[in-house]
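A short worksheet on the structure shown next.
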Ligand SMILES: *Cc1c(COP(=O)(O)O)cnc(C)c1O
């Protein structure tokens, strides 16, 4: 057998023995032959067929039938109800600590400002150069607004932020550390418990961005001692384009003051009274009217993850990224493609990034043929492998298509 035939054969065997294989058929478009390989479920998860029904019911029965009465009949409670389900199934958080609201960017701002206010007198924020743009821009803005200084970690290209690096960089003047659990480019999986402990030992708070980990790997926010976290719902949580984000605020920190003081974060919104009085509990971290249409579909992915089990989802995620690395090494190394993600599965999230100078151009050609990874500057193709909707055969088809384009280049 040729090396290619062997890889195709391995993909077939892995699919045939995959205990989660059947879940793929629950997603809209799984049988669309114009999409040869969807390798971007970490950027926009596929819709679930169940969500089509749920959104139709929302529009026809709830919005169309119950009209404004639907707010009292369930909508007003939905951000906290979905938050509790996320906490139970995905985040390892006891009830009353998660809420769905805003976008990740806005929640990061609210939580970072709340943390700064809770550490008066401390003047420094620690962040890393490879963090997502919003994360970096938010703390740059807060530093300018509040007269603080930023300390920058410089993680290695194919790696990320370690506990040792954080321990060496925090001090008695550090108010806040803002990091991503899984690095959006390299896929490096940060060690939340030891980094959080390192920051706490210096008296600082940590805000974790879980955009690239929620729904794809087990998380234990309560047990890990996490202070504050936020993440988006349209990646591995399949909430749809622009689905609102979620925030976690540990119960003992729920007295923190967040900066966007709106009526729905106040004690008695419908009294329309004078003077902002923050609500108790997690609701004080909400601000305005919750985007009900936008958060509706998240419920179906939470239910699916609950059914499959997050540990099994992580097992398949590891198997997918291991296979992707094996296939890249076998089929693309000769073309000078470099793996820009950790090779050790224990240090890797749900995606693998590979670098080559031709990849910007190659990605355009791949999209035209229905092979859909994404491109990240300066020269990376990111293979995002959403475990419940991606097959091993798709991974191989994608990598074979990348090689065909490199052969043509
Ligand atoms: C996707 C992503 C975001 C997105 O923020 P939005 O406000 O939802 O656009 C933020 N941080 C990280 C690490 C991400 O991967």
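The values are calculated or read from the model by the stated rules, or taken from the named source; none is laboratory data. Keep in mind it's a predicted model, so treat the numbers as computed, not measured. Neighbour counts run over all protein chains shown; Cβ positions are idealised from the backbone, glycine included.
Screening residue 116 with (1) surrounded by fewer than 19 Cβ atoms within 10 Å (Cβ to Cβ); (2) away from the ligand (no atom under 12 Å from the Cβ); (3) touching a residue at least 40 places away in the same chain (Cβ under 8 Å) gives one miss only, at (1).
Taking the stated definitions as given, is residue 130 assigned by TED's automatic domain parsing to the domain that holds residue 289, at positive phi and within 16 Å of the ligand (Cβ to nearest atom)? Before you say what the answer is, go through the steps one by one.
On the way: assigned by TED's automatic domain parsing to the domain that holds residue 289: yes; at positive phi: no; within 16 Å of the ligand (Cβ to nearest atom): yes.
No; evaluated as a whole, the condition is false for this residue.
Of the set (1) over 20 Å from residue 242 (Cβ atoms); (2) away from the ligand (no atom under 16 Å from the Cβ); (3) part of a loop (DSSP other than H, G, I, E, B), all apply to residue 46 but (1).
Residues that are assigned to a strand (DSSP E or B) and closer than 13 Å to residue 179 by Cβ within the range 128-149 comprise just one, 128. Every test in (1) within 16 Å of the ligand (Cβ to nearest atom); (2) in contact (Cβ under 8 Å) with a residue 60 or more places away in the chain; (3) assigned to a loop (DSSP other than H, G, I, E, B) is passed by residue 230 save one, and that test is (3). Considering only residues that are under 27 Å from the mean Cα position of the chain (by Cα), in a loop (DSSP other than H, G, I, E, B) and either free of Cβ contacts under 8 Å to residues at least 40 places away in the same chain or not assigned by TED's automatic domain parsing to the domain that holds residue 248 (or both), which ones fall in the range 260-279? Selection gives 261, 262. Being in contact with a helix residue (DSSP H, G or I) (Cβ under 8 Å, 6 or more places away or on another chain) and either over 19 Å from residue 384 (Cα atoms) or free of Cβ contacts under 8 Å to residues at least 60 places away in the same chain (or both) narrows it down to one residue among 50, 21, 37; which is it? Result: 50 is the single residue among 50, 21, 37 that is in contact with a helix residue (DSSP H, G or I) (Cβ under 8 Å, 6 or more places away or on another chain) and either over 19 Å from residue 384 (Cα atoms) or free of Cβ contacts under 8 Å to residues at least 60 places away in the same chain (or both). The residues of the range 190-200 that are away from the ligand (no atom under 16 Å from the Cβ) and in contact with a strand residue (DSSP E or B) (Cβ under 7 Å, 6 or more places away or on another chain), listed by number, are 196, 199.
Counting only residues that are free of Cβ contacts under 8 Å to residues at least 60 places away in the same chain and within 16 Å of the ligand (Cβ to nearest atom), which one in the range 201-227 is farthest from residue 98 (Cα to Cα)? Ranking the candidates gives 206 first.
The set of residues from the range 161-189 being under 18 Å from residue 125 (Cα atoms), within 16 Å of the ligand (Cβ to nearest atom) and assigned to a loop (DSSP other than H, G, I, E, B) comprises 161, 181. Quick check on residue 224: is it part of a strand (DSSP E or B), closer than 22 Å to residue 127 by Cβ, modelled with pLDDT of 95 or more and touching a helix residue (DSSP H, G or I) at 6+ places or on another chain (Cβ under 7 Å)? So residue 224 fails the test.
Every residue in the range 90-102 that is surrounded by fewer than 19 Cβ atoms within 10 Å (Cβ to Cβ) and either touching a residue at least 40 places away in the same chain (Cβ under 8 Å) or not assigned by TED's automatic domain parsing to the domain that holds residue 258 (or both), please.
92, 94, 96
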